[in-house]
Amino acid sequence: MNHDIKAGSYLDAPHGIASWLLTKDHKRIALLYLISITVFFIIGGIFAAGIRTELMTPEGDLFTADMYNKVFTLHGVVMIFFFLIPSIPATLGNFLVPIMCGAKDLAFPRINLLSWYLYVAGASLTIGAVALGGVDTGWTFYTPYSSMASNTNVTLAALGVFIAGFSSILTGFNFIVTIHRMRAPGLTWFRMPLFLWAHYATSLVMILGTPVVAITILLVGAERALGFAIFDPRVGGDPVLFQHLFWFYSHPAVYIMILPAMGVISELVAAVSRKQIFGYSFVAYSSLAIAIIGFLVWGHHMFVSSQSIYAGLVFSIITMIVAVPSAVKTFNWTATMYKGSITWDSPTYWVLGFMGLFLIGGLTGLFLGTMGLDVHLHDTYFVVAHFHYIMVGGGVMGFLGGVHFWWPKMTGRIYPETAGKIAAVLVFVGFNLTFFPQFVVGYLGMPRRYHAYPEEFQILNVLSTGGAAVLGAGYLLILAYLVASFFKPRNAPANPWGATGLEWDIPSPPTTFNFEHDPVVTEDAYDYVGRARKAREN
Amino acid sequence: MSHISSKRLFYTIFVSLIILTGLTVFVARQDFGAMNTPVALAIAGLKATLVILYFMGVRYNTPLTKVVAASGFVWLIILFGMTMGDYLTRSWLGFPGR
Amino acid sequence: MENPNAPHEHHPALQHHFHSMAQQLEASVLGMWVFLVTEVMFFGGLFMAYILYRSLYPDAWLAGSQELDEFLGGLNTVVLICSSLTMALAVRAAQVGSRKGQIVNLILTIVFGTVFLVVKYFEYAKKFEHHLVPGAHFDPARDPAQQLYFSLYFMMTGVHALHMVVGIGLMLVMLHMAWKGRFSAEYFAPVEISGLYWHFVDIVWIFLFPLLYLIGKHH
């Protein structure tokens with residue numbers, strides 16, 4: 001009986017490489033994405049290892065200054081555009097959004113596959129730029145450096161980012177239409193899992209912001225390739241306009257990285273506390289608020305450019321406001337755990353790790369959003385530490401928490417629980433050891449993007465490099481046991497965590513069309529209390 | 001969703017658009033001083049609205065489509081407004097570079 | 001053609017993951033609108049640069065605009081409005097199931113789109129002759145800030161023309177489908193959403209025409 005269900009799983013039929021490369025099944029595309037982003041995480045991680053090794057000593061001994069510029073640029077470009085932005089939406093989101101909607105697939109399956117191919121094409125171009133000698137502009141491609149001064153392969157790398165941007169737009173576009181038009185009967189907006197709310201908000205940012213950076217990159221390309229003048233100060237163009245257009249997307253892009261992680265944590269925190277999420281509608285609306293207000297704060301990246309201080313003042317104030325919905329989420333997660341029946345499974349560790357790291361990352365963001373203080377902290381390691389706490393401490397912890405939570409559902413396999421807990425602790429400790437010293441060293445005045453530094457900063461940098469080794473070991477451990485789980489029998493139960501949600505009512509792994517009968521939703525999300533009551537009554 | 005407009009409506013919109021095109025060429029030759037560009041944009045906006053409402057059928061579409069169609073323009077205002085808010089206030093402090 | 005008594009679930013164009021043709025149509029139309037929002041933002045970046053530089057260099061903008069051919073720009077505006085009319089009529093023909101109406105109007109739309117591109121080609125050729133293309137060959141006697149105007153002129157009209165090329169490609173696909181009699185009162189989503197795209201490209205030009213061609217005509 002059990003065997004029969006497994007035989008119909010989406011992993012088995014149809015067979016063959018072509019059936020995977022031409023698949024329109026959102027679950028298979030999610031796995032294609034999972035494999036590709038893992039590859040790019042490893043590539044980006046190797047560049048990070050290079051950076052940390054160089055910074056163990058005050059002298060620039062491992063890399064020349066030029067080489068170091070390329071290493072940190074590629075670390076940033078690969079990690080942001082080819083790992084973090086697609087990480088949760090394109091893998092967990094692709095897998096779960098249709099299932100949580102009670103649908104057989106996303107609204108546009110072929111466009112979903114196209115999105116993966118665009119991602120691969122864009123990523124390959126950027127890797128091609130690495131093979132041809134690298135790029136040294138920093139991940140921000142600031143003009144006039146990227147348009148006039150740099151002699152590296154900027155056009156090729158930027159073209160890769162441009163193309164990958166469209167893959168992101170197509171993902172967001174698919175999610176919005178699916179959530180609007182494909183929900184099962186009974187699945188009203190306020191019965192939706194918060195994961196869907198978070199992905200809806202993320203998709204808004206993707207479709208409203210990404211096109212602006214796309215045209216901006218195209219303009220830089222036109223300057224380099226055709227000799228046009230858009231940002232060229234020699235004819236009166238303003239390089240700061242590039243910064244405006246770039247950050248109009250790239251600040252909201254931070255929310256593309258963190259909002260889906262918040263969605264994951266909302267699911268996990270309810271599941272491990274066995275409780276309805278505290279203040280459901282506040283958490284739901286706060287996702288939208290972050291997405292919308294997040295579009296009004298980009299100028300806080302430009303306090304030390306020629307931006308007017310009056311504009312800076314407005315951007316600074318709105319930056320304080322955007323902290324409110326993030327705080328609403330954090331408080332509500334904490335309140336959800338309060339008096340919950342907390343289970344100490346491996347997802348619990350990721351939830352707690354996320355909350356701690358995101359809290360530090362968010363609060364230090366307020367330091368940087370304060371216009372006066374930012375003049376001191378701008379372009380120091382304080383900034384580096386802050387955004388790593390958000391994007392790695394928040395984004396990657398959320399991603400890994402989600403992968404651990406839904407791994408049995410996605411693959412039908414179980415990983416060793418103890419190893420999962422050890423990995424979570426290693427990542428948490430290693431992460432703090434890597435990046436907390438950077439707050440200190442940045443506050444003391446160490447600028448980012450240099451391969452050499454004064455001797456008095458060495459102790460903190462050695463601590464940071466040591467932490468990076470622990471962090472790397474944590475990631476490798478995860479990779480090892482997740483890959484090893486493929487060599488074990490496919491015996492995951494349908495609902496290993498006892499969680500609520502449509503995805504847990506279907507077999508692990510799901511069948512190709514997800515549901516045998518079209519589901520009808522009759523209860524609110526996270527109705528753990530109601531379920532427990534029903535179980536007692538039966 | 002499957003609203004079918006009459007051919008007569010389409011022809012009326014078409015004639016209005018042609019007339020407005022003539023009007024925009026005509027007013028471009030008049031000097032309204034600071035109002036030159038606003039007048040031209042108002043006519044272009046009116047033409048775009050006619051195309052969106054009738055040729056694209058938004059008038060007969062769901063409220064959701066209306067919101068989506070409007071959202072792009074709202075976000076443009078954010079982009080234009082906040083960026084120009086920087087450039088237009090740069091000289092307020094009265095000394096160069098700040 | 002289709003059997004009108006067949007239930008919607010059995011329509012050959014219904015994809016497996018939709019419940020009904022109505023849901024499929026609603027999803028397609030919403031999808032196209034969401035896509036058009038991304039297009040608005042894509043062109044928005046160009047308009048942002050236009051607003052800033054026009055406010056910084058009004059004289060360069062007036063001088064640059066004098067070099068554009070108002071007649072050809074106006075002609076192209078009329079041509080595009082005509083194409084929007086035939087596009088709307090083509091969608092209507094699909095809704096009422098008139099194969100002939102679809103074919104005639106789609107061909108007219110393609111013809112108007114092609115006329116637009118041909119006119120554009122002659123305009124571009126003149127700019128090359130007159131050394132108005134930004135870069136090394138730009139007329140050195142002119143105010144360098146005019147390079148900003150012409151860079152934006154070429155980017156805005158170039159990206160717009162690229163959208164026209166894509167649109168004509170879409171129309172050829174629609175013509176092929178209409179020829180085969182694929183569209184009916186139940187199934188006309190492809191021609192409807194291609195039409196939305198076509199009208200959007202028209203709207204962009206409605207703004208480009210006064211902003212590029214007509215400034216400074218009162219001098």
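The values are calculated or read from the model by the stated rules, or taken from the named source; none is laboratory data. Worth saying up front: this structure is predicted, and the values here are computed from it rather than measured. A quick note on method: Cβ atoms are made from the backbone with ideal geometry, for glycine too, and the neighbour counts reach across all protein chains shown. Quick note on the areas: whole protein, heavy atoms, side chains included, nothing else; ligands and nucleic acids left out. Shrake-Rupley method; radii C 1.70, N 1.55, O 1.52, S 1.80 Å.
Structure above, values below:
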{"read-out": "Failed condition for C:P12, given (1) touching a residue at least 24 places away in the same chain (Cβ under 8 Å); (2) more than 10 Å from chain B (Cβ to nearest Cβ); (3) open to solvent by 50 Å² or more (accessible area, probe 1.4 Å)", "value": "(1)"}
{"read-out": "Test: residue in the range A:313-321 that is open to solvent by less than 10 Å² (accessible area, probe 1.4 Å) and not in a helix (DSSP H, G or I)", "value": "no"}
{"read-out": "Which numbered condition B:R90 fails, given (1) more than 9 Å from every other protein chain (Cβ to nearest Cβ); (2) basic (K, R); (3) touching a Ser or Thr at 6+ places or on another chain (Cβ under 9 Å)", "value": "(1)"}
{"read-out": "Residues of the range C:137-181 that turn out to be closer than 30 Å to C:N105 by Cβ and not hydroxyl-bearing (S, T, Y), as a count", "value": "25"}
{"read-out": "Residues that are out of contact with any Pro (no Cβ under 6 Å at 6 or more places or on another chain) and open to solvent by 10 Å² or more (accessible area, probe 1.4 Å), drawn from the range A:142-157", "value": "A:Y142, A:Y145, A:S147, A:M148, A:A149, A:N151, A:T152, A:N153, A:T155, A:L156"}
{"read-out": "Enumeration of residues in the range A:388-418 that are open to solvent by 50 Å² or more (accessible area, probe 1.4 Å) and part of a helix (DSSP H, G or I)", "value": "A:E417, A:T418"}
{"read-out": "Residue tally, condition buried (at least 19 other Cβ atoms within 10 Å of the Cβ) and in a loop (DSSP other than H, G, I, E, B), over the range A:478-492", "value": "1"}
{"read-out": "Condition check for A:Y475: surrounded by fewer than 16 Cβ atoms within 10 Å (Cβ to Cβ) and within 30 Å of A:F72 (Cβ to Cβ)", "value": "no"}
{"read-out": "Residue satisfying condition, being open to solvent by 40 Å² or more (accessible area, probe 1.4 Å) and within 14 Å of the chain's Cα centre (by Cα), within set A:F41, A:F82", "value": "A:F41"}
{"read-out": "Scope the range B:4-22; condition more than 9 Å from chain C (Cβ to nearest Cβ) and either in a loop (DSSP other than H, G, I, E, B) or surrounded by fewer than 13 Cβ atoms within 10 Å (Cβ to Cβ) (or both); matching residues", "value": "B:R8, B:V15, B:I19"}
{"read-out": "Any chance A:M100 is open to solvent by 10 Å² or more (accessible area, probe 1.4 Å) and of a type in the set (A, V, I, L, M)", "value": "no"}
{"read-out": "Flag if A:N495 is out of contact with any Ser or Thr (no Cβ under 7 Å at 6 or more places or on another chain), without any contact (Cβ under 8 Å) to a residue 60 or more places away in the chain, under 30 Å from A:R191 (Cβ atoms) and surrounded by 15 or more Cβ atoms within 10 Å (Cβ to Cβ)", "value": "yes"}
{"read-out": "Selected residue (only one of A:F231, A:F282, A:F246 is farther than 30 Å from C:R54 by Cβ and of a type in the set (F, W, Y))", "value": "A:F282"}
{"read-out": "Of the criteria (1) surrounded by 24 or more Cβ atoms within 10 Å (Cβ to Cβ); (2) modelled with pLDDT of 95 or more; (3) outside any helix (DSSP H, G or I), which one A:F228 fails", "value": "(2)"}
{"read-out": "Criterion: in a helix (DSSP H, G or I) and open to solvent by less than 10 Å² (accessible area, probe 1.4 Å) - qualifying residue of A:F354, A:F358, A:F367, A:F331", "value": "A:F354"}
{"read-out": "Meets criteria (within 10 Å of chain B (Cβ to nearest Cβ), out of contact with any helix residue (DSSP H, G or I) (no Cβ under 6 Å at 6 or more places or on another chain) and of a type in the set (S, T, N, Q)) for C:S98", "value": "no"}
{"read-out": "Residue in the range A:185-206 that is within 10 Å of chain C (Cβ to nearest Cβ) and either surrounded by fewer than 24 Cβ atoms within 10 Å (Cβ to Cβ) or basic (K, R) (or both) present", "value": "yes"}
{"read-out": "Residue in the range A:277-285 that is within 21 Å of B:V74 (Cα to Cα) and surrounded by fewer than 24 Cβ atoms within 10 Å (Cβ to Cβ) present", "value": "yes"}
{"read-out": "Residue, farthest from C:S65 (Cα to Cα), within the range C:141-170, restricted to residues that are without any contact (Cβ under 8 Å) to a residue 40 or more places away in the chain and in a loop (DSSP other than H, G, I, E, B)", "value": "C:A141"}
{"read-out": "Considering residues of the range C:173-206 that are at the interface with chain B (Cβ under 8 Å from one of its Cβ atoms) and either surrounded by fewer than 20 Cβ atoms within 10 Å (Cβ to Cβ) or charged (D, E, K, R) (or both) only, the residue nearest to C:E70 (Cα to Cα)", "value": "C:D202"}
{"read-out": "Cβ-Cβ under 8 Å pairs, at least 6 apart or on other chains, the range B:19-39 side not assigned by TED's automatic domain parsing to the domain that holds B:V51, far side not in a helix (DSSP H, G or I)", "value": "none"}
{"read-out": "Residues of the range A:119-129 that turn out to be farther than 18 Å from A:L84 by Cβ and either in a loop (DSSP other than H, G, I, E, B) or open to solvent by 20 Å² or more (accessible area, probe 1.4 Å) (or both), as a count", "value": "4"}
{"read-out": "Test for B:V58: is it open to solvent by less than 20 Å² (accessible area, probe 1.4 Å), in contact with a Phe, Trp or Tyr (Cβ under 9 Å, 6 or more places away or on another chain) and of a type in the set (A, V, I, L, M)", "value": "yes"}
{"read-out": "Criterion: more than 8 Å from chain C (Cβ to nearest Cβ), open to solvent by 30 Å² or more (accessible area, probe 1.4 Å) and either out of contact with any strand residue (DSSP E or B) (no Cβ under 9 Å at 6 or more places or on another chain) or assigned to a helix (DSSP H, G or I) (or both) - qualifying residue of B:L64, B:L50", "value": "B:L50"}
{"read-out": "Only listed residue being more than 7 Å from chain C (Cβ to nearest Cβ), in a helix (DSSP H, G or I), of a type in the set (A, V, I, L, M) and open to solvent by 30 Å² or more (accessible area, probe 1.4 Å), chosen from B:V74, B:V25", "value": "B:V74"}
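Conditions (1) assigned to a helix (DSSP H, G or I); (2) open to solvent by less than 40 Å² (accessible area, probe 1.4 Å); (3) modelled with pLDDT of 95 or more, marked per residue:
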| position | (1), (2), (3) |
| --- | --- |
| A:F431 | yes, yes, yes |
| A:F436 | yes, no, yes |
| A:Y453 | no, yes, yes |
| A:G467 | yes, yes, yes |
